[in-house]
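No lab work stands behind these numbers, since they all come straight from the coordinates. Just so it is clear, the structure is predicted and the values come from calculations on it, not from any experiment. Counting neighbours? That spans all protein chains shown, and the Cβs are built from the backbone with ideal geometry, glycine included.
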Amino acid sequence: MVQRQERQGMDFIAVDWGSTRFRAWSLDSDGQVRDSTESDTGLKAVTDGAFEAVLMAACGDWMASDPALPILMSGMVGSRAGWKEAPYCPCPADMADISAAAIGFDVAGHPAAILPGATCDDARGHADVMRGEEVQIFGAAELLGLTDAAICIPGTHAKWARLAGGRLTGFETHMTGEIFALLRSQSLVGALAEGDADDPQAFLDGVDHGMAVPVPHAAFAARADALQGRLPATSVSAFLSGVLIGGELAHRPDADETILLATGVLADRYAAALDHLGTAVRKVDAKEATRAGQVRAAAALWPGRVGA
């Protein structure tokens, strides 16, 4: 189902193209939305490499209105399984570095670019990667006027990023959402859960337990406590969520404040957990952060078209 919000005039097209969702906006140079479209034509839905056809179907009317309209894309569209692979930009990096590493090409006569994502190594020399989140990180910093921040982006693969002096110095990926889904739907622990009702106290108990002991042990408590009648079946899901988020928060960056790029249930749960641990939280809508970051990138790529 495609959703649209229409206005007139545009300065560039911004596309956030992930594995399952396609989002595009026509933006003016200060990031105001003039038109938007969203659908489930993410990478997994694109067959036979028909990326241009999907883009034209979604944004063809915008492109026809201005033959010089630039198109900026970010997210998994630049992955190995995407339209064109954009090699990751190494950290530390700022938005100028990210933009300079973009892959440029032509789409039906329109200048187009795919942003590269970012990569870093951990203290033991293992790699980490992100695609699309780096745009959100710089966009959130722009919206809040920050150059130094600890930023969390919850999700299937949650990201914890460090911004210092306006540069992305490093980040960590936690498979919290994916592991929760697997445990909840395919494990003996999840088999005892009845529904996914919110239980704030069970959730915070899980956070404390996940921070205190190794997560594989802490997660089993969801089953053992339920079997012993100490945890209601209706609270197993909330407790398990808390355990996994707690295990993640045990390794969060040392900061007095966390910028949380999320909305909905995940935002509420992470905010509750961080507040429980005495960390201040500021929430930023992820879509707004994406657009703000894309404006910065577009200004660097097409300075004559998009204002800084």
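Brief remarks follow.
- In region 28-45, the residues that are over 21 Å from the mean Cα position of the chain (by Cα) and surrounded by 14 or more Cβ atoms within 10 Å (Cβ to Cβ): 28, 29, 34, 35
- Qualifying residue in region 279-287 (condition: within 19 Å of residue 162 (Cα to Cα) and either acidic (Asp, Glu) or part of a helix (DSSP H, G or I) (or both)): yes
- When residues of region 60-80 are limited to those that are under 18 Å from the mean Cα position of the chain (by Cα) and hydrophobic (A, V, I, L, M, F, W, C), the one surrounded by the fewest Cβ atoms within 10 Å (Cβ to Cβ): 76
- Qualifying residue in region 103-112 (condition: without any contact (Cβ under 8 Å) to a residue 60 or more places away in the chain, closer than 22 Å to residue 161 by Cβ and surrounded by fewer than 23 Cβ atoms within 10 Å (Cβ to Cβ)): no
- Selected residue [crowded, with 21+ Cβ neighbours inside 10 Å, touching a Ser or Thr at 6+ places or on another chain (Cβ under 9 Å), touching a residue at least 40 places away in the same chain (Cβ under 8 Å) and not charged (D, E, K, R)] from 286, 238: 286
- Those residues of region 119-162 which are over 17 Å from residue 259 (Cβ atoms) and crowded, with 24+ Cβ neighbours inside 10 Å, in sequence order: 131
- In region 177-224, residue surrounded by the fewest Cβ atoms within 10 Å (Cβ to Cβ) [restricted to those that are in contact with a helix residue (DSSP H, G or I) (Cβ under 6 Å, 6 or more places away or on another chain) and of a type in the set (Phe, Trp, Tyr)]: 180
- Scanning region 11-27 for residues that are buried (at least 20 other Cβ atoms within 10 Å of the Cβ) and not aromatic (Phe, Trp, Tyr) yields 11, 13, 14, 15, 16, 23, 24, 26, 27.
- Residue, farthest from residue 157 (Cα to Cα), within region 173-207, restricted to residues that are without any contact (Cβ under 8 Å) to a residue 40 or more places away in the chain and not small (Gly, Ala, Ser): 201
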